[in-house]
Amino acid sequence: MGGAANTTLDYFLGDRIALRQPVKGYRAGIDAVLLAATARPGEGPLLDLGSGVGTVGLCAVARLPDLRATLVERSPELAQLARDNIAANALEHRADVVEAEIGEPVPAEAARVLKAGSFAHVVANPPFHDEGSGTSSLWPLKAVSHAMTSDALEQWARFMARMAAPGGRATMIHKADALPRILSAFENRFGALTILPVHPRDGAPAIRVIVDGVKGSRAPLVIKPGLILHGSGNAFLPEVDAILRNGAALPI
């Protein structure tokens, strides 16, 4: 696999998926696996925005044998790692990668794959930090993955709505304090919104939110009971361990 000297080999869903990730910079973890767990059997093609090395999309297709996924990544280095990971996991017939920048015109080559209204489920794990709000990373791939402009969530939601089929779903995971901006960005694009707070432990504030919506729906918003990750000590609760290791679904 190309660039192995600058990567580590990490396993997801137990040992079902093996992925190369950069030694330095952004490294996928629990957020990606939780997002992949929102994909449903028989739902149709999935679009993974800001896919990085392919963790969300590849975990989703590993969970669901009838699913096909398209991964969108702006960094050529990460996109190549995603392609390598697809090949290494023998998933070439079920996943592909296109290079495109959210909020920018889609390149002609990518446009052949990214057809408006053609995806049943669009998922996103956007960068967490506002551009200019903190110290820039010394590692370029980390800076690319973690910095975003103040209007980026609006751009991501617009792209998600454009790609989602009528009645299709959009699911985003983000920091808990981004919830107001996510709701504003999803407004008039997705309805039947479901919010799932993610808490590190019982009684602790949420650290993540997963927001799911249906394109064109007018159904009301629902806030679900929070997902608690850890019990006593650092062990994951059994229902969370089943998601992370065994590919169980995350009902949302």
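The values are calculated or read from the model by the stated rules, or taken from the named source; none is laboratory data. Keep in mind it's a predicted model, so treat the numbers as computed, not measured. Here the Cβ positions follow ideal geometry from the backbone for every residue, glycine too, while neighbour counts run over all protein chains shown.
A few remarks follow.
- With respect to the conditions (1) of a type outside the set (Gly, Ala, Ser); (2) modelled with pLDDT of 95 or more; (3) within 16 Å of SER51 (Cα to Cα); (4) over 17 Å from the mean Cα position of the chain (by Cα), PRO205 lacks only one, and its number is (3).
- Qualifying residue in region 103-120 (condition: outside any loop (DSSP other than H, G, I, E, B) and touching a Ser or Thr at 6+ places or on another chain (Cβ under 8 Å)): yes
- Residue, farthest from TYR11 (Cα to Cα), within region 24-41, restricted to residues that are touching a strand residue (DSSP E or B) at 6+ places or on another chain (Cβ under 7 Å) and outside any loop (DSSP other than H, G, I, E, B): LEU35
- Condition check for SER118: closer than 21 Å to PRO166 by Cα and of a type in the set (S, T, N, Q): yes
- ALA219 vs. criteria closer than 19 Å to LEU153 by Cβ, touching a strand residue (DSSP E or B) at 6+ places or on another chain (Cβ under 9 Å) and of a type in the set (Gly, Ala, Ser): no
- Qualifying residue in region 210-225 (condition: surrounded by 13 or more Cβ atoms within 10 Å (Cβ to Cβ), among the small types (Gly, Ala, Ser) and more than 27 Å from PRO65 (Cα to Cα)): yes
- Scanning region 163-180 for residues that are surrounded by 17 or more Cβ atoms within 10 Å (Cβ to Cβ) and more than 10 Å from ILE210 (Cα to Cα) gives MET163, ALA164, ALA165, GLY168, ARG169, ALA170, ALA178.
- Selection count, region 47-70, where residues are assigned to a loop (DSSP other than H, G, I, E, B) and either at pLDDT below 95 or not basic (Lys, Arg) (or both): 9
- Check on GLU73, at pLDDT below 95, of a type outside the set (Gly, Ala, Ser) and either within 22 Å of ILE30 (Cα to Cα) or surrounded by fewer than 15 Cβ atoms within 10 Å (Cβ to Cβ) (or both): no
- Test: residue in region 44-53 that is in contact with a His (Cβ under 9 Å, 6 or more places away or on another chain), surrounded by fewer than 24 Cβ atoms within 10 Å (Cβ to Cβ) and touching a residue at least 40 places away in the same chain (Cβ under 8 Å): yes
- Matching option when the condition is charged (D, E, K, R), out of contact with any Phe, Trp or Tyr (no Cβ under 8 Å at 6 or more places or on another chain) and at pLDDT 95 or above, among ARG181, ARG112: ARG181
- Checking each residue in region 197-250 for being without any contact (Cβ under 8 Å) to a residue 12 or more places away in the chain, within 21 Å of CYS59 (Cα to Cα) and either part of a loop (DSSP other than H, G, I, E, B) or not small (Gly, Ala, Ser) (or both) picks out PHE236, LEU237, PRO238, GLU239, ASP241.
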